[in-house]
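Inspection log for the structure reproduced underneath, given as structure tokens.
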Amino acid sequence: MTVVGNKYTVIGFRVTRAGPLALLQDAGRFGVRRLGVTQGGPADLHGWAWANRLAGNAWGTPALEVTFGGLRLVAERDLTVAVAGADLGATLEGEPLALWRPVRIREGQTLAFATPVNGLRAYLAVAGGFRAEPVLGSVSCVVREGLGGFDTRGGKLAEGDRLAVGEGSGASVAERGMPETAEIDYRQPARLALLPGAQVGEFTGQSLYRAFNAAWRVDDRADRMGVRLTGPRLLCRLASMISEGIGLGAVQVPPDGQPIALLNDRQTIGGYPRLGALTPLAASRLAQCLPSQEVHLVAASREHALAEHRHFLASVGQG
Amino acid sequence: MSRGAAMSLPRIESAGLDAWLVRLFDRIDEANLPWLTALTRRCEAAFGEALVDLVPSYTTLLVVFDPLRLAPQAARHRLAQLLQDLAPDENAAAGEIHELPTWYDASVGPDLARVAEHTGLSVEAVIDCHAGTDYRVFALGFAPGFAFMGLLDARLEVPRLETPRQRVPVNSVAIAGRQTAAYPAVTPGGWNLLGRTSARLFDRDRDGFSLLRVGDRVRFVPVDRRTFESQGGDATPMEAGR
């Protein structure tokens, strides 16, 4: 037994296959963006929050973000887990694993993710939470910055890693499922709510009409920093601006006219004009889209977006 | 506040569900710093626990808040109130003064010759000019602890490289346009490299992590190789042609 962050931990899993990208994520790293340190945290806040909720964990508990699949873990002890977000063909001992509900795993059993069936990022929460030493107040793993994760140095999971979990808690998680209406078919064209920003009036000609009426395609240049969308070229009077702080979901438009929606690992400042910002839930939804998938930008009101966000947080027991 | 031509400034702009961007100025100027510092401090006091993050930059302050603790319209109203009687904070904005020991040499500053050619100055004059100016930190970004500093002497104004390098060595000292910076980590980069500093720019083991903060004053102090290495500087040369 070891002490991490003043909490007793035990080894919960051993990694027997790392897959392309599995990262530890808590709610994110806050209060340090003025040092140039990015936000981090789960790209799909919705899936991450539900995984924790279903595992009986409090908001902010570290969970694994599994992108694309491939990860294989062996339980080192009896555990309760929940997988939410994408369906990456997860199996337990070779049998399909039930998603969006708590599942008991016994010591020695193998939990494996295959490839995307529905969505891109799955969240694995374990009752009691994964445990690592925080860096700048967070365990969120940002590979580019070399911060966070189990090794505190921004390392993604690797074969042979032994993953610490909080001991004991969550052993008596009540059977609680999720309202079926909240489960999402990520394969459908996504309607992404966007709050128009200050430069929206600088887009010329048909550009604004096109921005909100075109069927955009998710480009293969997409990662935790941002997702490029391809479609009609948007023209803006401003080529570039003096760099300024950029929020989650900001949709910037570089001179090539193809928007980029900025996600959790974005740089803290930037200088391209912006259409506006996706709502946190819209950014979450975009993070589940695969390349070539169709998305639409939908202008939203702040009041409506706030009500939706509050409803989501209440549904996962926050706020 | 009144600032001449800034007719419609300051402005509070939408930056998402949980953020407002306060635009104070429309151009880069050292005189912006006392205002930005004052507003940053006032936000810290006025938002309390509802404050999530503050990102000051050249002309703006991004204020990120928790919309459950403070409704967006209430946050906007609070910002408007703070702006009404905002006064520049000259003391706080004076910032810390840092001297960054820097070894200017072609082996670690492979663009010295390019900058000399572009500016018509000798390599020695380029070094004298870069080290002879006190800079202010206008913004942090791009990477943890990466400080955008200015303003560079107009004689040293050189565009970015046409093709950015894939890997700029840590602690490289660089210029682009009217700005200068030192790389706190190995990253891609398109700035012109003049040398390398032995300073620890972003130290995970030090409280606060980033040596430089917005508003700080920075001076590059030329040192020879022996001094540079004795201070812990890494003299490993850049690979040829990279």
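The values are calculated or read from the model by the stated rules, or taken from the named source; none is laboratory data. These numbers were taken from a predicted model, which means no experiment stands behind them. Here the Cβ is made from the backbone with ideal geometry for all residues, glycine too, and neighbour counts use every protein chain on show.
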Count of the stretch B:19-31 residues which are buried (at least 24 other Cβ atoms within 10 Å of the Cβ) and without any contact (Cβ under 8 Å) to a residue 40 or more places away in the chain: 0
Which numbered condition B:Ala125 fails, given (1) free of Cβ contacts under 8 Å to residues at least 24 places away in the same chain; (2) touching a Leu at 6+ places or on another chain (Cβ under 7 Å): (2)
Residue in the stretch B:98-117 that is of a type outside the set (Phe, Trp, Tyr) and on the phi > 0 side of the Ramachandran plot present: no
Filtered residue count, the stretch B:215-242, keeping only those that are touching a helix residue (DSSP H, G or I) at 6+ places or on another chain (Cβ under 7 Å) and under 20 Å from B:Ala185 (Cα atoms): 2
Those residues of the stretch B:149-165 which are in contact (Cβ under 8 Å) with a residue 60 or more places away in the chain and either surrounded by fewer than 12 Cβ atoms within 10 Å (Cβ to Cβ) or within 14 Å of another protein chain (Cβ to nearest Cβ) (or both), in sequence order: B:Met149, B:Gly150, B:Leu151
Which numbered condition A:Leu54 fails, given (1) at pLDDT below 95; (2) of a type in the set (A, V, I, L, M); (3) under 12 Å from the mean Cα position of the chain (by Cα): (3)
Pair list, Cβ < 6 Å and 6+ apart or interchain, from the stretch A:25-39 residues that are more than 9 Å from chain B (Cβ to nearest Cβ) to residues that are buried (at least 24 other Cβ atoms within 10 Å of the Cβ) and not in a loop (DSSP other than H, G, I, E, B): A:Gln25/A:Glu65; A:Asp26/A:Ser138; A:Arg29/A:Ser138
Members of the stretch B:201-233 found to be away from chain A (no Cβ under 14 Å), within 23 Å of the chain's Cα centre (by Cα) and assigned to a loop (DSSP other than H, G, I, E, B), listed by number: B:Val223, B:Gly233
Per-region count, the stretch A:199-223, residues out of contact with any Cys (no Cβ under 8 Å at 6 or more places or on another chain), in a loop (DSSP other than H, G, I, E, B) and farther than 27 Å from A:Pro42 by Cα: 3
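So that you can scan it fast, the table gives a plain yes or no per residue for (1) within 28 Å of B:Ala181 (Cβ to Cβ); (2) within 11 Å of another protein chain (Cβ to nearest Cβ); (3) buried (at least 20 other Cβ atoms within 10 Å of the Cβ):
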residue	(1), (2), (3)
B:Phe47	no, no, yes
B:Asp53	yes, yes, yes
B:Val64	yes, yes, yes
B:Gly95	yes, no, no
B:Val108	yes, no, yes
B:His118	yes, no, no
Residues of the stretch B:1-40 that turn out to be charged (D, E, K, R) and modelled with pLDDT of 95 or more, as a count: 4
